[in-house]
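Worksheet: one structure, shown below.
The values are calculated or read from the model by the stated rules, or taken from the named source; none is laboratory data. In this text, all values refer to a predicted model and were calculated from it rather than measured experimentally. Here the Cβ is made from the backbone with ideal geometry for all residues, glycine too, and neighbour counts use every protein chain on show. These accessible areas exclude ligands, DNA and RNA; they are computed on the full protein's heavy atoms, side chains included. Shrake-Rupley method; radii C 1.70, N 1.55, O 1.52, S 1.80 Å.
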Amino acid sequence: MAEPTPGRDSAPPGFLQLAGHPVRWRLLRELARSDRQVRELTSLTGHPQPLVSYHLGRLRAARLVSARRSSADGRDAYYTVDLARCGELLAAAGGALHPALGPAGRPPAAAEAPARVLFLCTGNGARSQMAEALAQRRSGGLVQAFSAGSHPRSLHPNTVRVMAERGIDVRGRGAKHLSVFAADRFGYVITLCDRVREVCPEFPGHPRHIHWSIPDPAAAGDTDEASYPAFQATAAELEARIGFLLAAIAARPARSARQQA
């Protein structure tokens, strides 16, 4: 039988060509674990900064990676991977290989014991409260979620409003200082703002530290009404990130359980 003649569509999909480069694949893997600064990626990959910056530029041009100025130091920037877009492009690449290869997969297995997850921000009035509520609701018992702040302030009215849109009632929840949990063990400690990352203490049991560089939605407007679109955007971003977090936790239940033992 004659070999099939390669056609114009025989080249791998663009995502595979872009992400398949060893340096770019390593950058995507590191950013899938946590938002990072360029100097951190340089240290983690062992490559010089100009090379890392070049490949980050390629990933940004493809809208796989984005950058945000640090709220702790405006001279720095945090890079974030768009896991949802990566997932869509991976599914499309699978479909290009064979129609049976698509986004559907097995549902994640339940963890042997709930993973304890602590979300931290500065005020514990918006981002970390939303993250705690969303993780608790979406996990179906997979995690126990908690939140705290380095400088606690009262729960923002827009936090109550945006969570109510998702059917979650957070009225009456109080802000807590992160020192409340200083002696507690967690499987995951997730900082949601750049300032609190700088002062985050060490917690017992060597939890997995993750950083999500998310701007404070309360700083987006002079009134509650003006800042509400930022709260909606923050809730949507947290919901997407937490979805990926829960999938990662479900994929390695034994490790999560051991970390909290």
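Counting only whole DSSP H helices of the chain, the ones at least 27 Å long by C-alpha along their axis and with mean Kyte-Doolittle hydropathy no lower than 0.5 are 224-251.
With the contact rule set at Cα under 8 Å and sequence spacing of 6 or more, what percent relative contact order holds for segment 58-189?
Details: 182 pairs, mean separation 26.2, N = 132.
Across segment 58-189, relative contact order equals 20 percent.
Compared with the alpha-carbon gap, the fully stretched path from LYS176 to ARG29 is longer by 49.6 nm at 0.36 nm per residue.
Which whole-angstrom value gives the distance between the alpha carbon centres of segment 230-244 and segment 55-85? Using only Cα atoms to place each centre, the spacing works out to 17 Å.
P(r) for segment 51-190, from all Cα pairs and a bin width of 10 Å, is 10, 25, 31, 26, 7, 1 %, short bins first.
What FRET efficiency, computed as 1/(1 + (r/R0)^6) with R0 = 30 Å and r the Cβ-Cβ distance, is obtained for ARG75 and LEU16, rounded to the nearest 0.05? Display every interim value, and only then the final one.
Working: r = 35 Å, r/R0 = 1.17.
Given R0 = 30 Å and the Cβ-Cβ separation, E is 0.30.
For THR191, THR223, give the ranking by accessible area with the largest first, probe 1.4 Å.
Values: THR191 10, THR223 80 Å².
Most to least solvent-accessible, the answer reads THR223, THR191.
With R₀ set to 30 Å, the beta-carbon distance separating TYR54 from ALA220 gives a calculated FRET efficiency near 0.40. In a reduced charge model with +1 at each Lys and Arg Cβ and -1 at each Asp and Glu Cβ, segment 199-250 shows a dipole moment near 380 debye about its Cα centre. Using a cutoff of 8 angstrom between alpha carbon atoms and counting only pairs six or more residues apart, the relative contact order for the chain works out to 19 percent. Using only the C-alpha atoms, the convex hull of the chain corresponds to 170 Å³ per residue.
For segment 45-176, the antiparallel share of DSSP beta bridges with both residues in that region comes to about 40%.
When only the Cβ of Lys, Arg, Asp and Glu is charged (+1, +1, -1, -1), the dipole of the chain relative to its Cα centre reaches about 460 debye. Using 0.36 nm per residue and subtracting the Cα-Cα separation, the extra length available between ALA61 and PHE244 on full extension is 63.6 nm.
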